[in-house]
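Below is one structure, written out as structure tokens; comments come after it.
The values are calculated or read from the model by the stated rules, or taken from the named source; none is laboratory data. Values in this document were obtained by computation on a predicted structure and should not be read as measured data. Cβ sites come from the backbone with ideal geometry, for glycine too, and all protein chains shown count toward neighbours.
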Amino acid sequence: MSSSLTRRSPGSRVSSPTAQRSRGSLTRNNLSGWGFAAPFLVFFLVFLVWPVVYGIYMSLTGKSLTGANDSMIGLANYAEAFADADMWRSLGNTLYFTVISTVPLVLVALVMAALLNVGLPAQWLWRLSYFAPYLLASTVVSLFFTWMYNPQLGLINDSLSKIGIPKVAWLNDPNVAMWAIVIATLWWTVGFNFLLYLAAMQNIPAQHYEAASLDGAGAWRQLFSITLPQLVPTTVMIVLLQVLASLKIFDQVYQMTAGGPGGSTRPVVQYIFETGFTGYRLGYSAAISYIFFGLIVLVSVMQFVITRRRSA
Amino acid sequence: MATQTLNRATLGTSTSQATRQPRKKMTAGKIAALVVAAVIAFLWLVPFAWATVTAFKSETDAASPKISWIPPSGFTADAFVKVFQDGNIPLWTWNSLYTSAAITAVTLVISSLVAYALSRIDFKGKKVLMTVIIASIIVPPPVLIIPLFYQMLALHMIDTSWAIILPQVIHPAMVFVLKKFFDQIPRELEEAAVMDGASRMRIFTQIVLPLSRPILAAVAIFVFIGAWNNFLWPFIATNDASLLTLPVGLQTIKSAYGIQYAQNMASALLAALPLIVVFLFFQRQIIKGVATTGLAGT
């Protein structure tokens, strides 16, 4: 393929694709190939591969931030983690959040995109309103929502009381707090999925719609018979991206509830952070990181198998 | 998927809507859609509006249990003045700006170089390299915080901007976004240059890169927004108040101001402003960039 790119030496009589296999150009290709890859590789090895590998080593030691016990302790950290109720709880919270956040984050995005795809006036206004929150830092979102969730001074309780709903202790009630975080997360990040859906919808060939409207299909009929069926692959991909994103939840929880009340919202990333930096137990923290990593790999493999089966 | 998104640059143009669905009279369905779209937009704008109103209140009005959209003692910019006098927000904005710009620049350079090699050069070990980079997409950044922190300690980089910047420049998914784009550039364009004896680096910088502006912009936007808003890693990597990025700085303000609601909202708005302004100017490019890289990111 790239034979055309390989500069042929002037005296070379070989012009077939085998030319590139001549020793000279092979070496040249190897040199330039690795040369172009080198800058990335350096960063990749130092800041990704090395931490992944060193993290595994750390997880097998009793390493702590206070410098004590660097020695190998085998799988003791893992054994401890599997018996650690707090770790299981934080994993459970993470999964709970992932399950209850993914559904609205995909459905609301789909509704938003479908609405705009109808061809409404003032497109830019709707796009801007739905997407703008995605540009905010988690801290800004958390400030906004902590303020609105404030039990006494908050806008949300005040609005609800006007329609006769009693005050809710949004971030202080263990049964409600996770839902409060889901609402804030929905507001914050749904715009990303919305854009992905909108892009996919606008890639559906216009002829499909033209043919349908000639047959007398209205907007709703077109939505259900053309748009939605064509969006299946996009939906699979958005769900996949969303699940993986939701599993990594940390910022907004840490900032809004700090994991409370009573650990009811603490996700596993926060538990990793706390055991490492507040509890100073780097080795143990690394072990939990890898259990979490294992979960992510498991979910990815499951999704990969499911998508494969679909497309096969 | 990426190819389609790129070829049809329809996203963000209003004409595409017109060609797709011939604009007829507003049907009942369209009006219903408009109403629902407006209700959602209203809900999505309320937090901004409420934060803005609060930021322009006096602290007394903000802390009053009586909710008011028009404060009893009138609007005031006191909270903004106080936040500015504090001086931290401009400093943190600057920190966020240059760290994010540095991350974006380094990412673009190293990713496009390696993507070019993966797309165009047949070299030994290419398949292995490709597999390793693909596999690394699965590594969730939170898993790395412990070993990375330890590494930064060893390198004496904790509490320097290097610690914030360096680990954030690796975006394996973006390497593949770029590679897919390079794959589409017709090789014939390069052949003439090859005949003239141009080096690979010359071909890359003078032919491939100029043709790749749209995807480079898309990747830049995606990486920049991500870096600008990243919280966890900068939060771990720095304690020095003069080095904090906006998101991390805000977190410290929140605890410092405590119940200064107007000041909290004023600083949140000031922090939100830069990206929102940039968005208003580059709406189309940003939307396209996020959609392209987001779709192609898998």
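Look at segment B:175-200 and say how many of its residues are at pLDDT below 90, in a helix (DSSP H, G or I) and under 21 Å from A:Leu31 (Cα atoms).
6
For A:Leu45, indicate whether it is hydrophobic (A, V, I, L, M, F, W, C), under 29 Å from the mean Cα position of the chain (by Cα) and more than 30 Å from B:Arg120 (Cβ to Cβ). Steps first, answer last, please.
Numbers: hydrophobic (A, V, I, L, M, F, W, C): yes; under 29 Å from the mean Cα position of the chain (by Cα): yes; more than 30 Å from B:Arg120 (Cβ to Cβ): no.
So A:Leu45 fails the test.
Would you mention how many residues in segment B:136-172 are among the small types (Gly, Ala, Ser) and under 15 Å from B:Ile103 (Cβ atoms)? Write out each step before concluding.
Looking only at segment B:136-172, we keep the residues that are among the small types (Gly, Ala, Ser), and these are B:136, B:154, B:161, B:163.
Going one step further and asking which of them are under 15 Å from B:Ile103 (Cβ atoms), we end up with B:161, B:163.
Final tally of qualifying residues: 2.
Check B:Ile253, B:Ile185, B:Ile215 and return the single one that is surrounded by fewer than 22 Cβ atoms within 10 Å (Cβ to Cβ) and β-branched (Val, Ile, Thr).
Details: B:Ile253 fails: surrounded by fewer than 22 Cβ atoms within 10 Å (Cβ to Cβ); B:Ile215 fails: surrounded by fewer than 22 Cβ atoms within 10 Å (Cβ to Cβ).
None of the others qualify; the one that does is B:Ile185.
If I ask for residues that are within 11 Å of chain A (Cβ to nearest Cβ) and either at positive phi or among the charged types (D, E, K, R) (or both), which ones from segment B:224-253 would you list?
Across segment B:224-253, there are no qualifying residues.
Going by the conditions given, is B:Pro71 away from chain A (no Cβ under 11 Å), buried (at least 17 other Cβ atoms within 10 Å of the Cβ) and more than 15 Å from B:Met174 (Cα to Cα)?
Working: away from chain A (no Cβ under 11 Å): yes; buried (at least 17 other Cβ atoms within 10 Å of the Cβ): yes; more than 15 Å from B:Met174 (Cα to Cα): yes.
It is true that B:Pro71 is away from chain A (no Cβ under 11 Å), buried (at least 17 other Cβ atoms within 10 Å of the Cβ) and more than 15 Å from B:Met174 (Cα to Cα).
Would you be able to tell me the number of residues in segment B:254-295 that are assigned to a helix (DSSP H, G or I), more than 9 Å from chain A (Cβ to nearest Cβ) and in contact with a helix residue (DSSP H, G or I) (Cβ under 8 Å, 6 or more places away or on another chain)?
Counting residues in segment B:254-295 that are assigned to a helix (DSSP H, G or I), more than 9 Å from chain A (Cβ to nearest Cβ) and in contact with a helix residue (DSSP H, G or I) (Cβ under 8 Å, 6 or more places away or on another chain) gives 9.
Mind checking whether some residue in segment B:119-128 is part of a helix (DSSP H, G or I), more than 8 Å from every other protein chain (Cβ to nearest Cβ), under 16 Å from the mean Cα position of the chain (by Cα) and more than 18 Å from B:Leu269 (Cβ to Cβ)?
Narrowing segment B:119-128 to residues part of a helix (DSSP H, G or I): B:119-120, B:126-128.
Subsequent filtering for residues that are more than 8 Å from every other protein chain (Cβ to nearest Cβ) retains B:119, B:127-128.
Filter again for under 16 Å from the mean Cα position of the chain (by Cα), leaving none.
No: zero hits.
Name the one entry in A:Ala79, A:Ala83, A:Ala68 that is surrounded by 12 or more Cβ atoms within 10 Å (Cβ to Cβ) and modelled with pLDDT under 95.
Working: A:Ala83 fails: surrounded by 12 or more Cβ atoms within 10 Å (Cβ to Cβ); A:Ala68 fails: surrounded by 12 or more Cβ atoms within 10 Å (Cβ to Cβ).
Result of the check over A:Ala79, A:Ala83, A:Ala68: A:Ala79.
What tally of residues in segment B:79-122 results from selecting those that are acidic (Asp, Glu) and out of contact with any helix residue (DSSP H, G or I) (no Cβ under 7 Å at 6 or more places or on another chain)?
Going through segment B:79-122, the residues acidic (Asp, Glu) turn out to be B:86, B:122.
Those still in the list that are out of contact with any helix residue (DSSP H, G or I) (no Cβ under 7 Å at 6 or more places or on another chain) too: B:86.
Within segment B:79-122, residues that are acidic (Asp, Glu) and out of contact with any helix residue (DSSP H, G or I) (no Cβ under 7 Å at 6 or more places or on another chain) number 1.
Hey, A:Arg308 hits all of (1) over 17 Å from the mean Cα position of the chain (by Cα); (2) at the interface with chain B (Cβ under 10 Å from one of its Cβ atoms); (3) free of Cβ contacts under 8 Å to residues at least 40 places away in the same chain but one; which does it fall short on?
(2)
Give segment B:218-230 a look and list any residue that's surrounded by 21 or more Cβ atoms within 10 Å (Cβ to Cβ) and within 15 Å of B:Leu166 (Cα to Cα), or say none. Give the derivation first.
Residues of segment B:218-230 surrounded by 21 or more Cβ atoms within 10 Å (Cβ to Cβ): B:218-219, B:221-225, B:227-230.
If the condition is that a residue be surrounded by 21 or more Cβ atoms within 10 Å (Cβ to Cβ) and within 15 Å of B:Leu166 (Cα to Cα), then B:Val223, B:Phe224, B:Ala227, B:Trp228, B:Asn230 are the ones that fit.
Does segment A:260-276 hold any residues that are in contact (Cβ under 8 Å) with a residue 60 or more places away in the chain and touching a helix residue (DSSP H, G or I) at 6+ places or on another chain (Cβ under 7 Å), and which are they? Before you say what the answer is, go through the steps one by one.
Of the residues in segment A:260-276, the ones in contact (Cβ under 8 Å) with a residue 60 or more places away in the chain are A:260-271, A:276.
Passing the criteria: A:Pro261, A:Gly263, A:Ser264, A:Thr265, A:Arg266, A:Pro267, A:Val268, A:Val269, A:Gln270, A:Tyr271, A:Gly276.
Can A:Ala114 be described as among the hydrophobic types (A, V, I, L, M, F, W, C) and over 24 Å from the mean Cα position of the chain (by Cα)?
Working: among the hydrophobic types (A, V, I, L, M, F, W, C): yes; over 24 Å from the mean Cα position of the chain (by Cα): no.
Taking the combined requirement at face value, the residue does not satisfy it.
Tell me whether segment A:269-278 contains one or more residues that are of a type in the set (S, T, N, Q), assigned to a loop (DSSP other than H, G, I, E, B), out of contact with any strand residue (DSSP E or B) (no Cβ under 7 Å at 6 or more places or on another chain) and on the phi < 0 side of the Ramachandran plot.
Going through segment A:269-278, the residues of a type in the set (S, T, N, Q) turn out to be A:270, A:275, A:278.
Going one step further and asking which of them are assigned to a loop (DSSP other than H, G, I, E, B), we end up with none.
No, every residue in segment A:269-278 fails to be of a type in the set (S, T, N, Q), assigned to a loop (DSSP other than H, G, I, E, B), out of contact with any strand residue (DSSP E or B) (no Cβ under 7 Å at 6 or more places or on another chain) and on the phi < 0 side of the Ramachandran plot.
Got at least one residue in segment B:138-159 being more than 10 Å from chain A (Cβ to nearest Cβ) and acidic (Asp, Glu)?
Scanning segment B:138-159, I find at least one residue that is more than 10 Å from chain A (Cβ to nearest Cβ) and acidic (Asp, Glu), so the answer is yes.
Within segment B:147-166, identify whether any single residue is closer than 22 Å to A:Gly35 by Cα and surrounded by 17 or more Cβ atoms within 10 Å (Cβ to Cβ), and answer yes or no. Walk me through it before giving the result.
If we filter segment B:147-166 for residues that are closer than 22 Å to A:Gly35 by Cα, which is where we start, we get B:166.
Right, trim to surrounded by 17 or more Cβ atoms within 10 Å (Cβ to Cβ) and you get B:166.
So far as segment B:147-166 goes, yes, one or more of its residues are closer than 22 Å to A:Gly35 by Cα and surrounded by 17 or more Cβ atoms within 10 Å (Cβ to Cβ).
Against the condition in a loop (DSSP other than H, G, I, E, B) and modelled with pLDDT of 90 or more, how does B:Thr76 come out, does it pass?
Details: in a loop (DSSP other than H, G, I, E, B): yes; modelled with pLDDT of 90 or more: yes.
Yes; evaluated as a whole, the condition is true for this residue.
Rundown of residues vs (1) of a type in the set (A, V, I, L, M, F, W, C); (2) facing another protein chain (nearest Cβ under 8 Å), yes/no style:
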{"site": "A:Gly74", "(1), (2)": "no, no"}
{"site": "A:Asn77", "(1), (2)": "no, no"}
{"site": "A:Phe82", "(1), (2)": "yes, no"}
{"site": "A:Leu107", "(1), (2)": "yes, no"}
{"site": "A:Leu115", "(1), (2)": "yes, yes"}
{"site": "A:Val140", "(1), (2)": "yes, yes"}
{"site": "A:Met148", "(1), (2)": "yes, yes"}
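Does A:Ser285 qualify as being in contact with a helix residue (DSSP H, G or I) (Cβ under 8 Å, 6 or more places away or on another chain) and at pLDDT below 90? Write out each step before concluding.
On the way: in contact with a helix residue (DSSP H, G or I) (Cβ under 8 Å, 6 or more places away or on another chain): yes; at pLDDT below 90: no.
In short, no.
Taking segment A:257-279 as the region of interest, how many residues are among the aliphatic types (A, V, I, L, M), more than 18 Å from B:Pro234 (Cβ to Cβ) and either over 22 Å from the mean Cα position of the chain (by Cα) or buried (at least 24 other Cβ atoms within 10 Å of the Cβ) (or both)?
Pass one, segment A:257-279, residues among the aliphatic types (A, V, I, L, M): A:258, A:268-269, A:272.
Remaining after also requiring more than 18 Å from B:Pro234 (Cβ to Cβ): A:258, A:268.
Adding the requirement that they be either over 22 Å from the mean Cα position of the chain (by Cα) or buried (at least 24 other Cβ atoms within 10 Å of the Cβ) (or both) leaves A:268.
Result for segment A:257-279: 1.
Determine whether B:Ile103 is modelled with pLDDT under 95, part of a helix (DSSP H, G or I) and more than 7 Å from every other protein chain (Cβ to nearest Cβ).
Working: modelled with pLDDT under 95: no; part of a helix (DSSP H, G or I): yes; more than 7 Å from every other protein chain (Cβ to nearest Cβ): yes.
No, not satisfied.
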